[in-house]
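What follows is a set of notes on a single structure, which appears directly below.
The values are calculated or read from the model by the stated rules, or taken from the named source; none is laboratory data. Everything numeric in this text was worked out from a predicted model, so none of it was measured. Here Cβ is always computed from backbone atoms with ideal geometry, including for glycine, and neighbour counts include all displayed protein chains.
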Amino acid sequence: MRRTLIGVLAAGLVLAAAPVQWALAQDDLHPAAGAEEPNPAASMGWGLAAVGTNLVYMPAKMVYAVAGGLVGLLAWGVTLGNSDVALGILQPALAGTWVVTPEMLRGDQPLMFVGPSYEAKS
């Protein structure tokens with residue numbers, strides 16, 4: 001029993017280390033000549049900030065999307081099936097950014113709570 005447990009633990013450690021070894025061998029993870037190497041503490045800080053932001057952002061986006069979906073459905077019914085009116089409400093409510101990333105917090109990528117406006121095709 002003890003040998004089996006030691007064998008399983010050893011295999012687990014080898015398998016757990018394999019992705020790390022593979023990632024370290026990739027050229028795209030190493031900075032180019034003259035490029036600044038990323039600070040692990042800063043990366044972790046931005047990651048934790050993104051997680052903390054998402055704890056508030058994602059539920060707010062969900063409430064906005066559900067409310068927009070209900071209003072869009074109601075508008076579609078009131079206009080007797082006019083899809084342009086419904087999509088004018090649904091697209092901004094359902095599109096946009098659903099998850100905040102560290103790049104968005106740093107300002108490298110845009111953060112769009114409200115999605116792009118719908119333009120009817122003529």
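Table: residues versus (1) within 27 Å of residue 46 (Cβ to Cβ); (2) in a loop (DSSP other than H, G, I, E, B).
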| site | (1), (2) |
| --- | --- |
| 74 | no, no |
| 88 | no, no |
| 105 | yes, no |
| 118 | no, yes |
**Prompt:** Out of the stretch 41-85, which residues are loosely packed, with under 12 Cβ neighbours inside 10 Å and charged (D, E, K, R)?
**Reply:** none
**Message:** Residue pairs, Cβ under 8 Å, 6 or more apart or interchain, first in the stretch 91-106 and surrounded by 16 or more Cβ atoms within 10 Å (Cβ to Cβ), second polar (S, T, N, Q) and assigned to a loop (DSSP other than H, G, I, E, B). List them.
**Reply:** 91/117; 92/117; 101/109; 104/97
**Fill in**
The lone condition residue 88 fails out of (1) closer than 14 Å to residue 120 by Cβ; (2) modelled with pLDDT of 95 or more; (3) not charged (D, E, K, R) is (2)
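Looking at the stretch 58-70, can you tell me whether even one residue there is modelled with pLDDT of 90 or more and outside any helix (DSSP H, G or I)?
Looking only at the stretch 58-70, we keep the residues that are modelled with pLDDT of 90 or more, and these are 58-70.
Retained after the next criterion (residues that are outside any helix (DSSP H, G or I)): none.
No, the conditions are met nowhere in the stretch 58-70.
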**Message:** Which count do you get for residues in the stretch 67-85 that are under 30 Å from the mean Cα position of the chain (by Cα) and of a type in the set (S, T, N, Q)?
**Reply:** 1
**Prompt:** Which one of 17, 33, 93 is of a type outside the set (Lys, Arg), modelled with pLDDT under 90 and either in contact with a helix residue (DSSP H, G or I) (Cβ under 7 Å, 6 or more places away or on another chain) or in a helix (DSSP H, G or I) (or both)?
**Reply:** 17
**Message:** If I filter the stretch 45-59 down to residues being small (Gly, Ala, Ser) and free of Cβ contacts under 8 Å to residues at least 24 places away in the same chain, which single residue comes out as nearest to residue 99 (Cα to Cα)?
**Reply:** 52
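Table: residues versus (1) touching a Leu at 6+ places or on another chain (Cβ under 7 Å); (2) over 18 Å from residue 116 (Cα atoms).
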{"residue": "52", "(1), (2)": "no, yes"}
{"residue": "59", "(1), (2)": "no, yes"}
{"residue": "65", "(1), (2)": "yes, no"}
{"residue": "68", "(1), (2)": "yes, no"}
{"residue": "76", "(1), (2)": "no, yes"}
{"residue": "93", "(1), (2)": "no, no"}
{"residue": "96", "(1), (2)": "no, no"}
